[in-house]
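First up is the structure itself, then whatever we jot down about it.
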Amino acid sequence: MATYSKIQVIQTMKETGMVPVFYHSDAETAKHVLKACYDGGVRAFEFTNRGDFAQEVFGELVKYARKELPGMIVGVGSVVDAPTAAMYIQLGANFVVGPLFNQEIAPVCNRRLIPYCPGCGTVSEVGAAQEAGCDLCKVFPGDVLGPAFVKGLRAPMPWSQIMVTGGVKPERENLEAWFKAGVTCVGMGSNLFPKDAVASADWDRITGLCRTALDIIAEVR
């Protein structure tokens, strides 16, 4: 069961402006990364459903966050079907993110008052997702669609709350372009978690990257 309300989750994403996106098959490594992000100021974290037994790692992360990281909101990503969403909700997911919009997932999340952030690549998909109750839609892949897509979308639909994922970097030029276009927040993956940093357990480096990204976001908004 989710610990945080739908309003709390979306407000936290909006206030911090960034949701790290991460997957690792080892629960202890994932915990260290989650803690490193927390120390860097992150308060909403997406663990992706990308490997065998990912749900077991996710369950451990949720328990760890509840016990050790007050205020850290943990959600699940890469969800493409309703049964998977339901499973993760039972494991404590506070939000559900997908690379695509599946209208069957929306009522599962709505019933439990959990944000569903579907991946959308057209204005029509965003509109359909909003009709289904998705308050925050994910523009994906961001590096393909670009900031101009977000700006163009929000011109006739200014109420839209957008999270962009794909190609987002902890760099001023990149982040400034997205926030000037009107995104609510960004999802950031590999650029926050260099493979060598994870492999060498350089958690301070990850903390620094998170802190830098959040500082830039605060400046460019």
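The values are calculated or read from the model by the stated rules, or taken from the named source; none is laboratory data. Just so it is clear, the model here is predicted, and its values are computed rather than measured. As a convention, Cβ positions derive from the backbone with ideal geometry for all residues, glycine included, and neighbour counts pool all protein chains shown. Calculation scope for accessible area: heavy atoms of the full protein, side chains included, ligands and nucleic acids excluded. Shrake-Rupley method; radii C 1.70, N 1.55, O 1.52, S 1.80 Å.
Numerical summary
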item	result
Test for Thr122: is it open to solvent by 40 Å² or more (accessible area, probe 1.4 Å) and either within 30 Å of Asp39 (Cα to Cα) or modelled with pLDDT of 95 or more (or both)	yes
Flag if Ala129 is at negative phi, without any contact (Cβ under 8 Å) to a residue 60 or more places away in the chain and either surrounded by 20 or more Cβ atoms within 10 Å (Cβ to Cβ) or in contact with a Phe, Trp or Tyr (Cβ under 7 Å, 6 or more places away or on another chain) (or both)	yes
Conditions (1) crowded, with 23+ Cβ neighbours inside 10 Å; (2) free of Cβ contacts under 8 Å to residues at least 60 places away in the same chain; (3) not in a strand (DSSP E or B): number failed by Val76	(3)
Residue list for segment 11-34, filter: in a helix (DSSP H, G or I), more than 18 Å from Glu60 (Cα to Cα) and open to solvent by less than 20 Å² (accessible area, probe 1.4 Å)	Met13
One residue from Pro107, Pro156 being more than 14 Å from the chain's Cα centre (by Cα) and assigned to a loop (DSSP other than H, G, I, E, B)	Pro156
Residue match in segment 36-44 (condition: open to solvent by less than 10 Å² (accessible area, probe 1.4 Å), outside any helix (DSSP H, G or I) and under 27 Å from Phe101 (Cα atoms))	yes
Check on Val139, without any contact (Cβ under 8 Å) to a residue 60 or more places away in the chain, among the β-branched types (Val, Ile, Thr), out of contact with any Ser or Thr (no Cβ under 9 Å at 6 or more places or on another chain) and more than 12 Å from Ile217 (Cβ to Cβ)	no
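Listed here are the residues, each with its yes/no results for (1) in contact with a Cys (Cβ under 6 Å, 6 or more places away or on another chain); (2) among the basic types (Lys, Arg); (3) at pLDDT 95 or above.
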residue	(1), (2), (3)
Ala2	no, no, no
Phe22	no, no, yes
Ala27	no, no, yes
Leu34	no, no, yes
Tyr38	no, no, yes
Ala44	no, no, yes
Ala54	no, no, yes
Lys63	no, yes, yes
